[in-house]
1. What residue, of Asp340, Asp324, is surrounded by fewer than 15 Cβ atoms within 10 Å (Cβ to Cβ), charged (D, E, K, R) and touching a residue at least 60 places away in the same chain (Cβ under 8 Å)?
2. Of everything in region 173-193, what is near the ligand (Cβ under 9 Å from one of its atoms) and assigned to a loop (DSSP other than H, G, I, E, B)? Give them in sequence order.
3. Could you list, in sequence order, the residues of region 278-307 that are over 17 Å from the mean Cα position of the chain (by Cα), surrounded by fewer than 21 Cβ atoms within 10 Å (Cβ to Cβ) and within 26 Å of Ala162 (Cα to Cα)?
4. Out of all the residues in region 120-142, which are away from the ligand (no atom under 16 Å from the Cβ) and either part of a strand (DSSP E or B) or at negative phi (or both)?
5. For region 194-203, which positions are more than 11 Å from the ligand (Cβ to nearest atom) and surrounded by fewer than 24 Cβ atoms within 10 Å (Cβ to Cβ)?
6. Taking Phe31 as the residue in question, decide whether it is of a type outside the set (Gly, Ala, Ser), closer than 30 Å to Leu209 by Cβ, buried (at least 19 other Cβ atoms within 10 Å of the Cβ) and within 16 Å of the ligand (Cβ to nearest atom).
7. Against the condition under 19 Å from the mean Cα position of the chain (by Cα) and outside any loop (DSSP other than H, G, I, E, B), how does Phe31 come out, does it pass?
8. Tell me which residues, restricted to region 1-28, are more than 23 Å from the chain's Cα centre (by Cα), surrounded by fewer than 16 Cβ atoms within 10 Å (Cβ to Cβ) and assigned to a helix (DSSP H, G or I).
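The values are calculated or read from the model by the stated rules, or taken from the named source; none is laboratory data. Here the structure is a predicted model, which means the values were calculated and not measured. Positions of Cβ are backbone-derived with ideal geometry, glycine not excepted, and every protein chain shown enters the neighbour counts.
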Amino acid sequence: MLNFAVGPVMMGQSTLNIGLEQIPYFRTENFSAVMKQNERLFKSFLNAPENARAVFMTGSGTASMEAAVINTLTKNDRALIVNGGSFGARFCEICSVYEIPYTQINCDCGKTLTDAQLLPFENKGYTAFIVNLCETSTGVLYDLRLISDFCKRNGLLLIVDAVSAFLCDSLDMSKRQIDVVITGSQKALALAPGLSLMCFSQRAVDRILANEQKSFYFDLKKYLKDGERGQTPFTPAVGIILQLNNRFKEIEAKGGAAAEIAAARHKAEYFRAAIKDLPLEIFSDNPSNAVTSLTLNDKSKSAYKLFELLMNEYGIWLCPNGGDLKDKVFRVGHMGALNDADYDLLVDALKKGLRSEKIKK
Ligand SMILES: *Cc1c(COP(=O)(O)O)cnc(C)c1O
């Protein structure tokens, strides 16, 4: 299997090796030390402020999207949510369920957010800003500096879903004054799905501590308290946390987040250069290093059928899109254990697949 999906992604050999081992009991000094080291390394990769806190949530990225929003915001907040695809829409749904007031800033699929779109919301009494740094459904990377400046000017709490952007695109919590960062195990961390990670600024921690409890499992006050001694309120995904520890130590040894981001950028640039002469077009503006979304020039052909053909005939997994984009767009990920030779195989298969009659709509 050669997997270019945007999560789960190809895991490295050392991660796979740990997956073969038995899972230890976790209410121990040893496991607490692993958790504390994970918190320290996660904060360092984000350049988080000294007093920031990390929380490890057993649940996919959406669990942390929900936990972060309902613990830092209340019915008295007014949030701005960038909605440019299915992950932006998800934040709107979460706020709707918990009756947190919000306004959506709609971005057309694959289009970036502009200064002009933010202008109407200056000095309008908003209290929080929520954005998916990379909207993985289209691959667009939003302009974090633009957003950060807007939040600084307007005093907004800044919540950044970096589930796919973490370790792929530049992300500096201190420089951009980000209050909440969310990521997940099955994207660039290249681990099994089931664990998500959050990091909170002091300002976000204060909000969590002052907020009333809205959920039992997602009550982050408990996670922050237990986290002080390297523990979690409930049984965490122990196996994935051990794999995370190994992965974090490897990343640190290889030069930290910057080296990971450079590797993702290399994969993205290598692939984009290799498909220059293929009958494909990049779908989104300002594409993230995490993923390239593509449309077929020949509109009589189906992106979804191309996905099926590469899977069935070459054992190569692209990432299909859903909904209105199903026949129009497919994605190629740049996360996980993939090298140039893997992309050469993919490009070769794409060349043949795109010529095939089998992908006619
Ligand atoms: C993958 C992803 C998520 C989390 O999705 P889950 O399926 O819950 O893990 C959230 N936001 C973005 C931008 C993502 O790419």
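1. Answer to the check: Asp340.
2. Our first condition is that a residue be near the ligand (Cβ under 9 Å from one of its atoms); within region 173-193, this holds for 182-187, 193.
Listed by number, the residues that qualify are Ser185, Gln186, Lys187, Pro193.
3. Glu281, Ile282, Asp285, Thr295
4. Just the residues of region 120-142 that are away from the ligand (no atom under 16 Å from the Cβ), to begin with: 120-128.
The answer is Pro120, Phe121, Glu122, Lys124, Tyr126, Thr127, Ala128.
5. Of all residues in region 194-203, those more than 11 Å from the ligand (Cβ to nearest atom) come to 197-203.
Residues satisfying the conditions are Ser201, Gln202, Arg203.
6. no
7. The answer is no for Phe31.
8. Selection gives Asn17 alone.
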